[in-house]
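A.B. asks: The structure follows.
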Ligand SMILES: C[S@@+](CC[C@H](N)C(=O)[O-])C[C@H]1O[C@@H](n2cnc3c(N)ncnc32)[C@H](O)[C@@H]1O
């Protein structure tokens, strides 16, 4: 199988193994514990630090336990200001690191290599953390999608690629001066083992619209004609599906089209018998070719939970603009964060890949959308999902954690309340062309404006698609109710020296033993880096 080659691969190939384990230090002052509780590491976590070290620090507790990973890494556009400065101990890497602190820019000829070197060890650690039946979703755009796909094939296995989803991220073209403007991003989805993963279908209440009747027990149902219509509906097409069925008068009924041709039933003898036994073979009196006859139907009840398969194109979700507007509401400030994802996008992923007790990890947390989506879904369905977020920037506290504090406790919401002052009225051209009719409408609207002006900040009159509306708008400040929940804010401590720990701090070690960390560390002692140019020697840690 072809594998992805890139500069530096041999040096980063096992870099994740050499990254030191660090302690997870609880920061009580920045945590948001449940009422009456102290912050602890068993709660939801917001971890401040580089995710290479953060993911390694999480391994002793969470290896193989994360059900769903969502990450939204830098897309390597050349304008994001991310720097490659992982401490990989090799001359080539040291050469790059001389320039560390310099953002990776578009004209950097090694920018793709650097991006791959940054992603490789992180994806390795994420794979270690992912449960056997877990799934990982990675947002990306055209800058790196093909290289990411090849890298994920390498790390997770081509056979574990589930789908590449497309999210429509803008709702209007963002640059009118160019001929083609990208309005979507991709989300690659892989599992640890495609054969055992169990995904949830898409909830879709609109399916219930097809069940228009209700029985005496209040169950929604629809009756479907048993005679097949349309293509392949002749006796000759399926001879075994042409047979007589006893009607309520004891006569055999055969499927016959209105033009007299012999048709066929939509089900075989056994299925029809099952319907008869279950009471779902329904007979109705119908006019056919000038006669009143019995016609058989099968009754289908609406599913308790209406679902359909997930499509791979997600054009029905809010866009980046709406995600930014939500941040503006939460922080009562504009331009809080440049690239937030909408809560609904993460919610879609949670719907596919989590159940009520899942653990969800986002190691490029940004504005904390993933935590928001987890808390919102728990509040909606009574779930007990947990999240772990990692963010390297100092805004881990002031943006990532602060958003989560606000949605947990509720926040003041400033918005525009609208009241309809005139019922929607269809206006045709002929109405408008007549002076008298037009004057009547204008007078009516002027009257509303005079009467209501004092009650609203603005009165908006519009004709859209031939419908006139008059709406009073008023700025309001309301409290958005909190979603509830809690989290513990964590910083990374000193690198752990296992031998020293064992010798010097028996009490602390006892606690690490209880959490399983020590046995994990023993099993995962750092391996030396392989010599350059030997990437094919797989030294990946296996559970
Ligand atoms: C595109 S944003 C994620 C946006 C997020 N999905 C949201 O909805 O707000 C990427 C984030 O990853 C963070 N990041 C980049 N490199 C990181 C690293 N090595 N460790 C942890 N966070 C990192 C960036 O600081 C940035 O906040």
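A.B. asks: Only counting other Cβ atoms within 10 Å, I'd like 83, 68, 189 sorted with the fewest neighbours first. Numbers along the way, then the final one.
C.D. replies: On the way: 83 16, 68 26, 189 23.
Final ranking by Cβ density, sparse to dense: 83, 189, 68.
A.B. asks: Next question. Considering just Cα atoms, how many Å³ per residue does the convex hull of the chain enclose? Spell out each step's value before the answer.
C.D. replies: Numbers: hull volume 152.4 nm³, N = 543.
Looking at the chain, the number lands at 281 Å³ per residue.
A.B. asks: Turning to a different aspect of this structure: If you take the Cα atoms of the range 30-76, find Rg, then find the Kirkwood Rh from the mean of 1/r over all pairs, what is Rg/Rh?
C.D. replies: Working: Rg = 13.2 Å, Rh = 13.0 Å.
My calculation of the ratio gives 1.02.
A.B. asks: Next up: Which peptide among 133-145, 334-346 comes first, and what is the full order, when sorted by highest mean count of other Cβ atoms within 10 Å?
C.D. replies: Details: 133-145: 20.8, 334-346: 18.7.
Answer by packing, highest mean first, reads 133-145, 334-346.
A.B. asks: Continuing with this model, one more query. Just subtract the alpha-carbon distance of residue 146 and residue 443 from 0.36 nm times their residue separation and send over the number in nm, one decimal.
C.D. replies: Values: separation 297, 0.36 × 297 = 106.92 nm, distance 6.19 nm.
Length gained, residue 146 through residue 443: 100.7 nm.
A.B. asks: Here is a follow-up. Which of 146, 184 comes first, and how do the rest follow, when ranked by fewest Cβ neighbours within 10 Å? Display every interim value, and only then the final one.
C.D. replies: On the way: 146 11, 184 15.
Starting with the residue having the fewest Cβ neighbours, the order is 146, 184.
A.B. asks: Relative to the longest principal axis of the chain, what angle (0 to 90°, nearest 10) does the C-alpha long axis of helix 269-278 take?
C.D. replies: It works out to around 90 degrees.
A.B. asks: What whole-number distance in Å separates the alpha-carbon centres of the range 291-315 and the range 147-189?
C.D. replies: The distance from the Cα centre of the range 291-315 to that of the range 147-189 comes to 33 Å.
A.B. asks: Size of the range 207-299 along its principal axes in angstrom, Cα-based, largest extent first?
C.D. replies: 39, 27, 24
A.B. asks: Starting from the eigenvalues of the Cα gyration tensor, five times each then square-rooted, give me the equivalent ellipsoid semi-axes of the range 339-434, largest first, whole Å. Write down the numbers at each step before the final one.
C.D. replies: Numbers: eigenvalues 317, 64, 39 Å².
Rounded to whole Å, the semi-axes are 40, 18, 14.
A.B. asks: What residues from the range 319-335 fall in the zone where the backbone N is under 15 Å from a label point 7 Å along the Cα-to-C-beta line of residue 170?
C.D. replies: Residues passing the 15 Å test: 319-324.
A.B. asks: Helix 320-331: angle to the longest alpha-carbon principal axis of the chain, degrees 0 to 90, nearest 10?
C.D. replies: With both axes taken from Cα atoms, the answer is about 70 degrees.
A.B. asks: Where in the range 61-95 does the amide nitrogen come within less than 15 Å of the point 7 Å from the Cα of residue 105, taken along Cα to Cβ?
C.D. replies: 77-84
A.B. asks: Given the peptides 411-419, 263-271, arrange them by the average over their residues of other C-beta atoms within 10 Å, most packed first.
C.D. replies: On the way: 411-419: 13.4, 263-271: 17.1.
Taking the mean over residues of other Cβ atoms within 10 Å, the ranking is 263-271, 411-419.
A.B. asks: Using 1/(1 + (r/R0)^6) with R0 = 30 angstrom and r between the beta carbons of residue 252 and residue 210, what's the FRET efficiency to the nearest 0.05? Write out the running numbers ahead of the final one.
C.D. replies: Values: r = 31 Å, r/R0 = 1.04.
According to the calculation, E is roughly 0.45.
A.B. asks: Show me the ranking of peptides 389-396, 363-370 by mean Cβ neighbours inside 10 Å, starting with the highest. Before the final figure, lay out the partial values.
C.D. replies: Working: 389-396: 20.5, 363-370: 26.4.
Result, highest mean Cβ count within 10 Å first: 363-370, 389-396.
A.B. asks: Restricting things to alpha carbons, find the Rg to Rh ratio for the range 406-493 using the Kirkwood radius for Rh. Display every interim value, and only then the final one.
C.D. replies: Working: Rg = 21.9 Å, Rh = 16.5 Å.
Dividing the radius of gyration by the Kirkwood radius yields 1.33.
A.B. asks: May I pose another question? Compute the helix-to-body angle for 369-381: its Cα long axis versus the longest principal axis of the chain, expressed 0 to 90° and rounded to tens.
C.D. replies: For 369-381 against the chain, the angle is about 50 degrees.
A.B. asks: Also: Rg and Dmax of the range 253-327, using alpha carbons, in Å: what are they?
C.D. replies: Here Rg and the maximum Cα pair distance are 22.4, 66 Å.
Read-outs throughout are calculated quantities, based only on the coordinates presented, and are distinct from any laboratory measurement. Here the structure is a predicted model, which is why all the values come from computation and not from measurement. Positions of Cβ are generated from backbone atoms using ideal geometry, with glycine treated the same way; all protein chains shown enter the neighbour counts.
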